[in-house]
Amino acid sequence: MTQSAGETPDNPRDGSPFALGLLLRRAHEHVASAMDQALAPFGLERRHLVALMLLNAHGPLTQRDLVARTEHDKASIVRIVDDLERLDLASRQLVPGDRRLRAVTLTEHGRDVFTRAYEAAKPAAAAATSSLTTQQAEQLHLLLRLLAES
């Protein structure tokens, strides 16, 4: 297919080599905006979510572990953990046997805020797929998971 004069970033044509990326970006912006609104009352940003999810699921992790599991760089993880500490959501503690390492642990307040933010995000996530049937939403999740894992 040759590029059509009518194709724009807001209206990529079917079969366009740009369509997938442009449509995914627009969908991401739509969902991200809804998530931002859901997280704002808790002082959280999307960049905090991966660390909070990992700490909630796995318990204390070193900053080195967070770097490896999140694919963020060291400086980004330090800023994220600094934010979480400032919000009293996490704390750094010495790792027994290695004075250089610090384990990041959710505080009790952090667990509570994570639970409340999780519940607040549910309607935002549901609204993002409200134009889809339940089956289409499930299929979208499956397809996005396959794309993300490839």
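A few comments on the model shown:
- Residue ranges of helices (runs of 4 or more DSSP H) in the range 1-97 with at least 2 members of a type in the set (A, V, I, L, M, F, W, C) and under 25 Å from residue 137 (Cα atoms): 19-39, 46-58
- Flag: residue 94 matches the condition of being among the hydrophobic types (A, V, I, L, M, F, W, C), more than 28 Å from residue 126 (Cβ to Cβ) and exposed (fewer than 14 other Cβ atoms within 10 Å of the Cβ).
- There is at least one residue in the range 100-116 that is basic (Lys, Arg), at pLDDT below 95, more than 23 Å from residue 32 (Cβ to Cβ) and not in a helix (DSSP H, G or I).
- Whichever residue in the range 103-141 is in contact (Cβ under 8 Å) with a residue 12 or more places away in the chain and more than 16 Å from residue 52 (Cα to Cα) and, among such residues, is surrounded by the most Cβ atoms within 10 Å (Cβ to Cβ): 128
- Counting the residues of the range 44-64 that are under 13 Å from residue 76 (Cα atoms) and more than 11 Å from the chain's Cα centre (by Cα) gives 2.
The values are calculated or read from the model by the stated rules, or taken from the named source; none is laboratory data. The structure displayed is predicted, hence computed values, not measured ones. Counting neighbours? That spans all protein chains shown, and the Cβs are built from the backbone with ideal geometry, glycine included.
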